[in-house]
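Trainee: Below you'll find the structure I mean.
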Amino acid sequence: MFRLPVCPHCGTVYRYQDTRKAIRNKENTCYHCQKKFRARMFPFILIGASLPLVICIAVNIFLLTRMKSLQLLPLFAVTLAAILIIYLIVPFFTKFRKLQQTDQKQENNQEK
């Protein structure tokens, strides 16, 4: 499950930063085969993102019950760490899919 996505046409593995750029764009073009695809995130991202959030909430509650005086710095650090983990795992929950419209147009062009 924790793999970087590949081009649906040619199988080129996309690097981490390229995957982040592809997520932001609606339609993408493969830098290897020049064919179009769409980047979509798995529904499992909700599970993958909720786990660090649940751990963050549990650790924050633990820290609040154990601290003698209220200090926000440890709470901010734990929350920031959870957000960073979520930010880092998003590309691993991304899949590239072929654009159906593009495939149909190419078939029509080949027939003509």
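The values are calculated or read from the model by the stated rules, or taken from the named source; none is laboratory data. Here the structure is a predicted model, which is why all the values come from computation and not from measurement. Cβ placement follows ideal geometry from the backbone for every residue including glycine, while neighbour counts extend to all protein chains displayed.
Trainee: Which one of the conditions (1) over 23 Å from the mean Cα position of the chain (by Cα); (2) under 16 Å from Cys7 (Cα atoms); (3) not small (Gly, Ala, Ser) does Val59 fail to meet, given that it meets all the rest?
Mentor: Condition not satisfied by Val59: (2).
Trainee: Now for a separate question. Among residues belonging to the stretch 5-32 that are surrounded by 14 or more Cβ atoms within 10 Å (Cβ to Cβ), of a type outside the set (S, T, N, Q) and part of a loop (DSSP other than H, G, I, E, B), point out the one that is farthest from the chain's Cα centre (by Cα).
Mentor: If we take residues in the stretch 5-32 being surrounded by 14 or more Cβ atoms within 10 Å (Cβ to Cβ), of a type outside the set (S, T, N, Q) and part of a loop (DSSP other than H, G, I, E, B), then His9 is farthest from the chain's Cα centre (by Cα).
Trainee: Another question, if that's okay. Count, please, the residues in the stretch 84-112 that happen to be surrounded by 11 or more Cβ atoms within 10 Å (Cβ to Cβ), at pLDDT 70 or above, more than 12 Å from the chain's Cα centre (by Cα) and part of a helix (DSSP H, G or I).
Mentor: Going through the stretch 84-112 one residue at a time, the tally reaches 1.
Trainee: Next question, about the same structure. Would you be able to tell me the number of residues in the stretch 33-59 that are without any contact (Cβ under 8 Å) to a residue 40 or more places away in the chain, more than 15 Å from Phe96 (Cβ to Cβ) and not in a helix (DSSP H, G or I)?
Mentor: Qualifying residue count, the stretch 33-59: 1.
Trainee: How many residues does the stretch 62-74 hold that are loosely packed, with under 11 Cβ neighbours inside 10 Å and either hydrophobic (A, V, I, L, M, F, W, C) or part of a helix (DSSP H, G or I) (or both)?
Mentor: Going through the stretch 62-74 one residue at a time, the tally reaches 5.
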